[in-house]
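Asker: There's a structure below that I have some questions on.
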Amino acid sequence: MPLALPALVTLLAVLWYVVTGIQVGRMRTRYGVRAPATTGDPAFERAFRVQMNELEQLTAYLPAMWIFAVFGDPRLAAAAGAVWLAGRVVYAFGYWREARRRHLGFSISTFALAATWVSALAAVVAALRAG
């Protein structure tokens, strides 16, 4: 059962990614940006960048969180994941409003990613040493 918390964070992170995709669809409709175009009204472009950045961040964060959860502490991994996800939400809402408002959320999630990655690496090294 200890891996249930990182699993919940993973599901919430994927749900958040879906929400950002829905936002892109809404902006496409609102501003008449037809697929496959990725440029148009700045509000659409910000929504598109948020979704793409979420995808980029998911591929970096989720493996680190799961490695830390399996080889380290699943509760701490999930807590770091919750902080990371909160940062991603703050990032998105800031960026959707205005590009320069994305920095706080970016900083929160980047810190959580770095801490989780270092923790995952330390846990794997400890496991290798333990044999």
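Asker: So which of T20, T10 ends up being in a helix (DSSP H, G or I) and either within 30 Å of V125 (Cα to Cα) or among the small types (G, A, S) (or both)?
Answerer: T10
Asker: V33 fails exactly one of the following numbered conditions: (1) free of Cβ contacts under 8 Å to residues at least 12 places away in the same chain; (2) in contact with a Ser or Thr (Cβ under 8 Å, 6 or more places away or on another chain); (3) open to solvent by 70 Å² or more (accessible area, probe 1.4 Å). What is the number of that condition?
Answerer: If we test V33 against (1) free of Cβ contacts under 8 Å to residues at least 12 places away in the same chain; (2) in contact with a Ser or Thr (Cβ under 8 Å, 6 or more places away or on another chain); (3) open to solvent by 70 Å² or more (accessible area, probe 1.4 Å), just (3) comes out false.
Asker: Looking at (1) modelled with pLDDT of 95 or more; (2) farther than 23 Å from R102 by Cα, which is the only condition V9 fails?
Answerer: Against the list (1) modelled with pLDDT of 95 or more; (2) farther than 23 Å from R102 by Cα, V9 comes up short only on (2).
Asker: Going residue by residue through the stretch 82-103, is there one that turns out to be open to solvent by less than 30 Å² (accessible area, probe 1.4 Å), free of Cβ contacts under 8 Å to residues at least 24 places away in the same chain and touching a Lys or Arg at 6+ places or on another chain (Cβ under 8 Å)?
Answerer: yes
The values are calculated or read from the model by the stated rules, or taken from the named source; none is laboratory data. Please read all numbers here as calculations on a predicted model, not as lab measurements. Neighbour counts are summed over all protein chains in view; Cβ atoms, including those assigned to glycine, are modelled from backbone coordinates with ideal geometry. Areas reflect the complete protein model, heavy atoms only, side chains present, ligands, DNA and RNA absent. Shrake-Rupley method; radii C 1.70, N 1.55, O 1.52, S 1.80 Å.
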